[in-house]
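I have a structure I would like to understand better, so I am pasting it below and will then ask my questions one at a time.
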Amino acid sequence: MTDPRDRLIVGLDTPDCDSARRVVEQIGDAARFYKIGMGLFYIGGIGLARELVAEGCRLFLDAKAWDIGQTVENAVRGGAALGADLMTVHGDRTVMEAARRGRGEAGTRLLAITVLTSMDQAAVRELGWRGTVGDLVLARARHAKQAGMDGVVASGQEVAALREALGPDMLLVIPGTRLPGSSTDDQKRVTTPRDAIAAGADHLVAAREILRAPDPRAAALRFQDEIAGA
């Protein structure tokens, strides 16, 4: 992955699909990897996914599939048929094994969610976890590797520890990265693109800093400069 465009994933977290299409048009060839999350998923995101794949873009389908095994298996089978490069699942070993069955021989790579980047120590304690956030991320990541996942989603603050624990082959996909000096918004565990890549991240997901920018193309190129500089 020497081209920064293969490491930057632009999150299309827009209010509707038409807005997402405009962002893709504005960015042009400055990006070629896009994320469709739950926000768009329920309002026409599948159709948009087909369009992006048909145009030669790479697709991260961030639906966070979590249900009974058969439902997850069917969902992943559908995402793989769309041509998704990456898909997220959320849950226990049964969910992850079902996702692998649904993926079959397709090239879709499956990512397990560890701890959302909007959560901090207080949030995980509220859910009953008495260790640190980092401990929980590592525990879930190791579990994902044992269950045969291709990678995990985690914050940039945990990248170095995850790379050491998981080895070189597991994908580390990092949302919540922020350019130096930018607002963190509702994210609690953030880092810069340069720091995340230097620590061992494979892909960075950037949404609001690109979507809100007066020039989304220029913002995407700034992220790529950070990636290349690492």
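Yes or no: the stretch 97-117 includes at least one residue that is farther than 25 Å from L12 by Cβ and either surrounded by 19 or more Cβ atoms within 10 Å (Cβ to Cβ) or touching a residue at least 60 places away in the same chain (Cβ under 8 Å) (or both).
Scanning the stretch 97-117, I find at least one residue that is farther than 25 Å from L12 by Cβ and either surrounded by 19 or more Cβ atoms within 10 Å (Cβ to Cβ) or touching a residue at least 60 places away in the same chain (Cβ under 8 Å) (or both), so the answer is yes.
With T2, T71 as the choices, which residue is closer than 30 Å to A230 by Cα and hydroxyl-bearing (S, T, Y)?
T2
Looking at the stretch 190-214, I want the residues that are at positive phi and have a partner that is of a type in the set (A, V, I, L, M) with Cβ atoms under 8 Å, at least 6 apart or on another chain. Which pairs are those?
Pairs found: G200/V159; G200/A160; G200/L162; G200/L172.
Picking from R142, R125, R130, R163, which residue would you name as being over 17 Å from the mean Cα position of the chain (by Cα) and modelled with pLDDT of 90 or more?
On the way: R125 fails: modelled with pLDDT of 90 or more; R130 fails: modelled with pLDDT of 90 or more; R163 fails: over 17 Å from the mean Cα position of the chain (by Cα).
It is R142.
Please state which one of G134, G176 is closer than 22 Å to I227 by Cα and among the small types (G, A, S).
Answer to the check: G176.
Could you go through the stretch 160-172 and let me know if any residue there is of a type in the set (D, E, K, R), over 20 Å from I9 (Cβ atoms) and surrounded by fewer than 19 Cβ atoms within 10 Å (Cβ to Cβ).
yes
The values are calculated or read from the model by the stated rules, or taken from the named source; none is laboratory data. All of these numbers come straight from a predicted model, not from anything done at the bench. Methodologically, a virtual Cβ is constructed for each residue, glycine included, from the backbone with ideal geometry; neighbour enumeration extends over all protein chains shown.
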